[in-house]
1. Tell me the total accessible area that A and B bury against each other, 1.4 angstrom probe, in square angstrom rounded to 100.
2. Counting only C-alpha contacts under 8 Å and six or more residues apart, can you give the relative contact order of the stretch B:1-96 as a whole percent?
3. Do any trypsin sites (Lys or Arg not before Pro) in the stretch B:153-182 lie in a DSSP loop with no more than 11 other beta carbon atoms within 10 Å, and if so, which?
4. Run the quick spin-label model on A:Ala24 and B:Lys191: label points 7 Å from Cα toward the beta carbon, then report their separation in nm to one decimal.
5. On a straight-distance basis, which lysines could pair with B:Lys176 in a cross-link, Cα separation under 25 angstrom, same-chain partners fewer than 8 positions away excluded?
6. Determine the sum of side-chain charges near A:Arg67: Lys and Arg each +1, Asp and Glu each -1, restricted to other residues whose C-beta is under 14 angstrom from that of A:Arg67.
7. Just report the Cα centroid separation between the stretch A:62-90 and the stretch B:163-189, whole Å.
8. Which lysines, if any, have their Cα less than 18 Å from the Cα of B:Lys15, not counting same-chain residues under 8 positions apart?
Amino acid sequence: MHCQAVWDFLLETNQEDWPEPVRAHVAGCRACQAAERDWRRLRQGLAALAAEPPPEPSLGFSARVRRRIEEAARGEAGEVLAERAARRLIYAALLAVLILVVCLVVPSSGPIRTPRSAEAYPLPQEMISAQNYPVFPGQPLDARYDFSFVSERPERGGGR
Amino acid sequence: MANPPQDDPEVGWIKRAQRGDGDAFEELVRRHERRVVGLVSRLIARRADVEDVAQEIFVKAYLAIRTFNFESSFGTWISRVAINHCYDHLRRARASRVAYYADLSQEGERALAAQADDRDRSGERIEERIMARDLAERLLRRAPPEDRVMLTLKELEQMSVSEIAEVLNLRESTVKVRLHRARKRMLEDLKRWRRRP
Ligand SMILES: [Zn+2]
(Lines give C-alpha, C1' and ligand atoms only; values in the text may rest on other atoms or scores of the structure.)
Protein backbone atom coordinates (compact mmCIF):
# COMPACT_ATOMS: atom_id res chain seq x y z
CA MET A 1 0.00 0.00 0.00
CA HIS A 2 1.22 3.49 -0.88
CA CYS A 3 1.85 6.08 1.89
CA GLN A 4 -0.44 8.65 0.19
CA ALA A 5 -3.33 6.18 0.23
CA VAL A 6 -2.68 5.51 3.92
CA TRP A 7 -2.82 9.25 4.62
CA ASP A 8 -6.33 9.36 3.19
CA PHE A 9 -7.47 6.93 5.90
CA LEU A 10 -5.34 8.60 8.50
CA LEU A 11 -6.90 12.03 7.93
CA GLU A 12 -10.52 10.92 7.68
CA THR A 13 -10.98 8.01 10.09
CA ASN A 14 -10.09 7.10 13.64
CA GLN A 15 -7.36 4.53 14.20
CA GLU A 16 -9.84 1.90 15.39
CA ASP A 17 -11.68 2.13 12.05
CA TRP A 18 -8.60 1.51 9.86
CA PRO A 19 -8.80 -1.57 7.65
CA GLU A 20 -6.17 -4.27 8.16
CA PRO A 21 -3.90 -3.32 5.18
CA VAL A 22 -3.63 0.24 6.54
CA ARG A 23 -2.74 -1.00 10.02
CA ALA A 24 -0.14 -3.34 8.56
CA HIS A 25 1.42 -0.54 6.46
CA VAL A 26 1.62 1.94 9.35
CA ALA A 27 3.13 -0.71 11.63
CA GLY A 28 6.05 -1.07 9.23
CA CYS A 29 6.39 2.53 7.88
CA ARG A 30 8.18 5.17 9.92
CA ALA A 31 6.98 8.03 7.70
CA CYS A 32 3.34 7.07 8.20
CA GLN A 33 3.89 6.61 11.94
CA ALA A 34 5.28 10.16 12.08
CA ALA A 35 2.36 11.48 10.00
CA GLU A 36 -0.10 9.75 12.29
CA ARG A 37 1.56 11.26 15.36
CA ASP A 38 1.55 14.74 13.75
CA TRP A 39 -2.09 14.52 12.79
CA ARG A 40 -3.11 13.30 16.24
CA ARG A 41 -1.23 16.26 17.69
CA LEU A 42 -2.84 18.71 15.29
CA ARG A 43 -6.31 17.35 16.06
CA GLN A 44 -5.58 17.72 19.75
CA GLY A 45 -4.55 21.33 19.12
CA LEU A 46 -7.64 22.06 17.01
CA ALA A 47 -9.86 20.57 19.73
CA ALA A 48 -8.19 22.83 22.30
CA LEU A 49 -8.84 25.84 20.06
CA ALA A 50 -12.48 24.80 19.59
CA ALA A 51 -12.94 24.58 23.35
CA GLU A 52 -11.94 28.22 23.79
CA PRO A 53 -15.01 30.47 23.95
CA PRO A 54 -14.87 33.16 21.24
CA PRO A 55 -14.88 36.81 22.42
CA GLU A 56 -18.22 38.46 23.11
CA PRO A 57 -19.24 41.55 21.14
CA SER A 58 -18.48 44.66 23.16
CA LEU A 59 -21.25 46.70 24.78
CA GLY A 60 -23.18 48.88 22.29
CA PHE A 61 -22.03 46.87 19.27
CA SER A 62 -25.41 47.07 17.48
CA ALA A 63 -25.67 50.84 18.06
CA ARG A 64 -22.20 51.30 16.56
CA VAL A 65 -23.21 49.21 13.55
CA ARG A 66 -26.25 51.45 13.09
CA ARG A 67 -24.13 54.60 13.26
CA ARG A 68 -21.82 53.14 10.67
CA ILE A 69 -24.75 52.34 8.37
CA GLU A 70 -26.02 55.92 8.73
CA GLU A 71 -22.53 57.26 8.00
CA ALA A 72 -22.28 54.98 4.98
CA ALA A 73 -25.67 56.23 3.72
CA ARG A 74 -24.61 59.87 4.26
CA GLY A 75 -21.29 59.18 2.57
CA GLU A 76 -23.10 57.63 -0.36
CA ALA A 77 -25.42 60.66 -0.66
CA GLY A 78 -22.42 63.01 -0.42
CA GLU A 79 -20.64 61.01 -3.07
CA VAL A 80 -23.64 61.31 -5.40
CA LEU A 81 -23.73 65.10 -4.91
CA ALA A 82 -19.97 65.44 -5.43
CA GLU A 83 -20.20 63.30 -8.53
CA ARG A 84 -23.02 65.47 -9.90
CA ALA A 85 -21.05 68.68 -9.21
CA ALA A 86 -17.93 67.22 -10.83
CA ARG A 87 -19.94 66.23 -13.89
CA ARG A 88 -21.34 69.78 -14.22
CA LEU A 89 -17.84 71.24 -13.92
CA ILE A 90 -16.61 68.97 -16.70
CA TYR A 91 -19.51 69.97 -18.96
CA ALA A 92 -18.82 73.67 -18.31
CA ALA A 93 -15.11 73.21 -19.09
CA LEU A 94 -15.96 71.34 -22.30
CA LEU A 95 -18.34 74.10 -23.36
CA ALA A 96 -15.66 76.75 -22.69
CA VAL A 97 -13.14 74.80 -24.78
CA LEU A 98 -15.70 74.42 -27.57
CA ILE A 99 -16.36 78.19 -27.62
CA LEU A 100 -12.62 78.89 -27.67
CA VAL A 101 -12.10 76.49 -30.58
CA VAL A 102 -14.97 78.08 -32.53
CA CYS A 103 -13.50 81.57 -31.95
CA LEU A 104 -10.08 80.44 -33.19
CA VAL A 105 -11.31 78.50 -36.22
CA VAL A 106 -13.98 80.86 -37.62
CA PRO A 107 -12.22 83.58 -39.77
CA SER A 108 -12.39 87.20 -38.56
CA SER A 109 -14.10 88.25 -41.80
CA GLY A 110 -16.87 85.77 -41.23
CA PRO A 111 -20.15 86.36 -39.51
CA ILE A 112 -18.44 86.50 -36.14
CA ARG A 113 -16.02 89.39 -35.91
CA THR A 114 -13.39 89.66 -33.31
CA PRO A 115 -12.99 93.01 -31.53
CA ARG A 116 -9.66 93.38 -33.37
CA SER A 117 -11.23 93.28 -36.85
CA ALA A 118 -13.81 95.87 -35.78
CA GLU A 119 -11.03 98.10 -34.49
CA ALA A 120 -9.02 97.79 -37.70
CA TYR A 121 -11.59 99.70 -39.80
CA PRO A 122 -13.15 102.46 -37.71
CA LEU A 123 -15.63 104.57 -39.54
CA PRO A 124 -13.86 107.92 -40.23
CA GLN A 125 -15.29 110.92 -38.40
CA GLU A 126 -15.51 112.83 -41.70
CA MET A 127 -17.73 110.22 -43.25
CA ILE A 128 -20.11 110.29 -40.29
CA SER A 129 -20.37 114.14 -40.43
CA ALA A 130 -20.64 114.18 -44.24
CA GLN A 131 -23.64 111.95 -44.14
CA ASN A 132 -25.53 114.51 -42.00
CA TYR A 133 -24.20 117.65 -43.64
CA PRO A 134 -26.74 119.80 -45.59
CA VAL A 135 -26.06 120.02 -49.30
CA PHE A 136 -26.50 123.55 -50.63
CA PRO A 137 -27.97 124.00 -54.10
CA GLY A 138 -25.50 125.09 -56.79
CA GLN A 139 -22.50 123.80 -54.90
CA PRO A 140 -20.66 120.86 -56.31
CA LEU A 141 -20.53 118.23 -53.67
CA ASP A 142 -16.85 117.50 -54.13
CA ALA A 143 -15.83 121.24 -54.15
CA ARG A 144 -16.19 121.52 -50.43
CA TYR A 145 -15.76 118.00 -49.34
CA ASP A 146 -12.88 115.84 -50.21
CA PHE A 147 -13.85 112.18 -50.23
CA SER A 148 -10.48 110.94 -51.39
CA PHE A 149 -9.86 109.24 -48.04
CA VAL A 150 -12.56 106.69 -48.78
CA SER A 151 -10.23 104.84 -51.07
CA GLU A 152 -7.34 105.00 -48.60
CA ARG A 153 -6.79 102.87 -45.53
CA PRO A 154 -7.35 105.33 -42.74
CA GLU A 155 -4.92 105.76 -39.87
CA ARG A 156 -5.97 105.12 -36.29
CA GLY A 157 -7.63 108.17 -34.78
CA GLY A 158 -9.18 109.08 -38.14
CA GLY A 159 -6.68 111.87 -39.12
CA ARG A 160 -6.60 112.89 -42.73
CA MET B 1 -30.06 25.91 10.10
CA ALA B 2 -33.63 25.59 8.89
CA ASN B 3 -36.00 28.32 7.75
CA PRO B 4 -37.54 30.26 10.62
CA PRO B 5 -41.27 29.70 11.23
CA GLN B 6 -43.36 32.50 9.77
CA ASP B 7 -44.53 33.66 13.24
CA ASP B 8 -40.89 34.18 14.28
CA PRO B 9 -40.49 37.91 15.04
CA GLU B 10 -37.29 37.74 12.98
CA VAL B 11 -39.35 37.44 9.79
CA GLY B 12 -41.05 40.75 10.60
CA TRP B 13 -37.73 42.45 11.39
CA ILE B 14 -36.23 41.22 8.13
CA LYS B 15 -39.20 42.50 6.10
CA ARG B 16 -39.06 45.87 7.86
CA ALA B 17 -35.28 46.07 7.41
CA GLN B 18 -35.79 45.34 3.71
CA ARG B 19 -37.94 48.51 3.59
CA GLY B 20 -35.07 50.46 5.19
CA ASP B 21 -36.18 50.32 8.85
CA GLY B 22 -33.03 50.88 10.94
CA ASP B 23 -34.65 49.83 14.25
CA ALA B 24 -35.62 46.45 12.79
CA PHE B 25 -32.12 45.91 11.44
CA GLU B 26 -30.63 46.78 14.82
CA GLU B 27 -32.77 43.99 16.33
CA LEU B 28 -31.31 41.58 13.77
CA VAL B 29 -27.80 42.74 14.64
CA ARG B 30 -28.45 42.14 18.34
CA ARG B 31 -29.76 38.67 17.58
CA HIS B 32 -26.79 37.61 15.44
CA GLU B 33 -23.84 39.69 16.72
CA ARG B 34 -22.41 36.84 18.85
CA ARG B 35 -22.47 34.43 15.94
CA VAL B 36 -20.75 36.91 13.60
CA VAL B 37 -18.15 38.13 16.13
CA GLY B 38 -17.38 34.48 17.00
CA LEU B 39 -16.92 33.50 13.37
CA VAL B 40 -14.75 36.53 12.63
CA SER B 41 -12.56 35.97 15.69
CA ARG B 42 -11.87 32.40 14.56
CA LEU B 43 -11.27 33.25 10.92
CA ILE B 44 -9.19 36.41 11.40
CA ALA B 45 -6.02 36.21 13.42
CA ARG B 46 -5.71 39.82 14.55
CA ARG B 47 -7.88 40.33 17.62
CA ALA B 48 -7.74 44.10 17.11
CA ASP B 49 -9.50 43.73 13.74
CA VAL B 50 -12.37 41.51 14.92
CA GLU B 51 -14.95 44.16 15.92
CA ASP B 52 -14.18 46.34 12.94
CA VAL B 53 -14.53 43.46 10.49
CA ALA B 54 -17.74 42.29 12.21
CA GLN B 55 -19.21 45.79 11.81
CA GLU B 56 -18.24 45.85 8.13
CA ILE B 57 -20.10 42.55 7.71
CA PHE B 58 -23.32 43.98 9.18
CA VAL B 59 -23.07 47.11 7.03
CA LYS B 60 -22.64 44.87 3.97
CA ALA B 61 -25.61 42.75 5.10
CA TYR B 62 -27.78 45.88 5.51
CA LEU B 63 -26.92 47.06 2.00
CA ALA B 64 -27.70 43.59 0.58
CA ILE B 65 -30.72 42.68 2.74
CA ARG B 66 -33.17 43.16 -0.15
CA THR B 67 -31.53 40.16 -1.84
CA PHE B 68 -32.43 37.91 1.13
CA ASN B 69 -35.26 35.71 -0.15
CA PHE B 70 -36.06 33.53 2.92
CA GLU B 71 -34.73 30.41 1.17
CA SER B 72 -32.36 29.82 4.09
CA SER B 73 -32.49 31.09 7.65
CA PHE B 74 -31.21 34.60 8.29
CA GLY B 75 -28.50 32.99 10.48
CA THR B 76 -27.22 30.96 7.52
CA TRP B 77 -27.37 34.00 5.25
CA ILE B 78 -25.50 36.32 7.63
CA SER B 79 -22.91 33.56 8.24
CA ARG B 80 -22.39 33.34 4.47
CA VAL B 81 -21.90 37.10 4.25
CA ALA B 82 -19.46 36.92 7.19
CA ILE B 83 -17.43 34.01 5.78
CA ASN B 84 -17.16 35.60 2.33
CA HIS B 85 -16.06 38.89 3.87
CA CYS B 86 -13.45 37.15 6.07
CA TYR B 87 -12.25 35.13 3.09
CA ASP B 88 -11.66 38.35 1.10
CA HIS B 89 -9.93 39.87 4.13
CA LEU B 90 -7.63 36.83 4.46
CA ARG B 91 -6.86 36.85 0.74
CA ARG B 92 -5.97 40.54 0.81
CA ALA B 93 -3.78 40.01 3.88
CA ARG B 94 -2.09 37.07 2.17
CA ALA B 95 -1.57 38.95 -1.09
CA SER B 96 0.29 41.66 0.81
CA ARG B 97 2.78 39.12 2.17
CA VAL B 98 6.09 38.60 0.46
CA ALA B 99 6.32 34.84 0.69
CA TYR B 100 4.53 31.84 2.07
CA TYR B 101 6.51 31.65 5.29
CA ALA B 102 6.98 35.37 5.68
CA ASP B 103 4.06 35.88 8.09
CA LEU B 104 5.96 34.27 10.94
CA SER B 105 8.59 36.30 12.69
CA GLN B 106 11.95 34.64 13.42
CA GLU B 107 10.85 34.31 17.01
CA GLY B 108 7.62 32.67 15.87
CA GLU B 109 9.54 30.29 13.64
CA ARG B 110 11.81 29.26 16.52
CA ALA B 111 8.75 28.66 18.73
CA LEU B 112 7.12 26.55 16.03
CA ALA B 113 10.32 24.57 15.56
CA ALA B 114 10.59 23.94 19.28
CA GLN B 115 6.97 22.77 19.42
CA ALA B 116 7.24 20.59 16.36
CA ASP B 117 10.37 18.84 17.62
CA ASP B 118 9.13 18.53 21.16
CA ARG B 119 6.65 15.75 20.55
CA ASP B 120 8.80 12.97 22.05
CA ARG B 121 9.35 14.79 25.31
CA SER B 122 6.01 13.56 26.66
CA GLY B 123 5.96 15.24 30.04
CA GLU B 124 3.05 17.08 31.56
CA ARG B 125 -0.16 16.63 29.59
CA ILE B 126 -1.47 20.16 30.05
CA GLU B 127 1.73 21.68 28.73
CA GLU B 128 1.59 19.32 25.80
CA ARG B 129 -1.98 20.36 25.07
CA ILE B 130 -1.08 24.03 25.19
CA MET B 131 1.76 23.41 22.77
CA ALA B 132 -0.49 21.40 20.46
CA ARG B 133 -3.00 24.26 20.57
CA ASP B 134 -0.38 26.85 19.66
CA LEU B 135 0.97 24.64 16.90
CA ALA B 136 -2.52 24.20 15.41
CA GLU B 137 -3.17 27.95 15.66
CA ARG B 138 0.09 28.83 13.93
CA LEU B 139 -0.47 26.31 11.15
CA LEU B 140 -4.05 27.53 10.65
CA ARG B 141 -2.78 31.08 10.40
CA ARG B 142 -0.30 30.03 7.70
CA ALA B 143 -2.84 27.99 5.73
CA PRO B 144 -4.24 29.29 2.42
CA PRO B 145 -7.53 31.19 3.01
CA GLU B 146 -9.77 28.49 1.51
CA ASP B 147 -8.19 25.82 3.74
CA ARG B 148 -8.46 28.05 6.74
CA VAL B 149 -12.18 28.63 6.16
CA MET B 150 -12.84 24.89 5.73
CA LEU B 151 -10.83 23.82 8.78
CA THR B 152 -12.24 26.58 10.97
CA LEU B 153 -15.85 25.72 10.14
CA LYS B 154 -15.29 21.98 10.63
CA GLU B 155 -12.80 21.78 13.48
CA LEU B 156 -13.39 24.98 15.47
CA GLU B 157 -17.04 25.84 14.77
CA GLN B 158 -17.69 22.08 14.72
CA MET B 159 -20.18 22.32 11.89
CA SER B 160 -21.27 19.18 10.04
CA VAL B 161 -20.41 18.69 6.36
CA SER B 162 -24.03 19.41 5.39
CA GLU B 163 -24.06 22.63 7.44
CA ILE B 164 -20.83 23.77 5.78
CA ALA B 165 -22.30 22.89 2.39
CA GLU B 166 -25.38 25.01 3.13
CA VAL B 167 -23.52 27.99 4.47
CA LEU B 168 -20.99 28.02 1.62
CA ASN B 169 -23.56 27.12 -1.03
CA LEU B 170 -21.56 24.05 -2.11
CA ARG B 171 -22.32 20.38 -2.68
CA GLU B 172 -21.52 18.07 0.25
CA SER B 173 -19.12 16.06 -1.92
CA THR B 174 -17.22 19.27 -2.75
CA VAL B 175 -16.99 20.14 0.95
CA LYS B 176 -15.61 16.66 1.73
CA VAL B 177 -12.95 16.93 -0.99
CA ARG B 178 -11.90 20.43 0.09
CA LEU B 179 -11.77 19.45 3.74
CA HIS B 180 -9.59 16.47 2.96
CA ARG B 181 -7.29 18.62 0.85
CA ALA B 182 -7.05 21.24 3.63
CA ARG B 183 -6.15 18.61 6.24
CA LYS B 184 -3.56 17.07 3.98
CA ARG B 185 -1.98 20.43 3.20
CA MET B 186 -1.83 21.29 6.89
CA LEU B 187 -0.06 18.02 7.66
CA GLU B 188 2.30 18.46 4.70
CA ASP B 189 3.02 22.01 5.80
CA LEU B 190 4.10 20.77 9.22
CA LYS B 191 6.29 18.10 7.61
CA ARG B 192 7.79 20.50 5.07
CA TRP B 193 8.35 23.06 7.76
CA ARG B 194 10.22 20.53 9.89
CA ARG B 195 12.51 19.69 6.96
CA ARG B 196 13.61 23.33 6.62
CA PRO B 197 17.36 23.82 7.28
ZN1 LIG C 1 3.88 4.90 4.66
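The values are calculated or read from the model by the stated rules, or taken from the named source; none is laboratory data. Computed from a predicted structure; not experimentally measured. When we count neighbours, we look across all protein chains shown, and the Cβ atoms used for this are built from the backbone with ideal geometry, even at glycine. Protein only, heavy atoms only, side chains kept; ligands, DNA and RNA dropped before computing areas. Shrake-Rupley method; radii C 1.70, N 1.55, O 1.52, S 1.80 Å.
1. The summed interface area works out to 4100 Å².
2. Normalised by residue count, the contact order of the stretch B:1-96 is 34 percent.
3. B:Arg171
4. Roughly 2.2 nm, to one decimal.
5. B:Lys154, B:Lys184, B:Lys191
6. -3
7. When both Cα centres are located, 40 Å separates them.
8. The qualifying lysines are B:Lys60.
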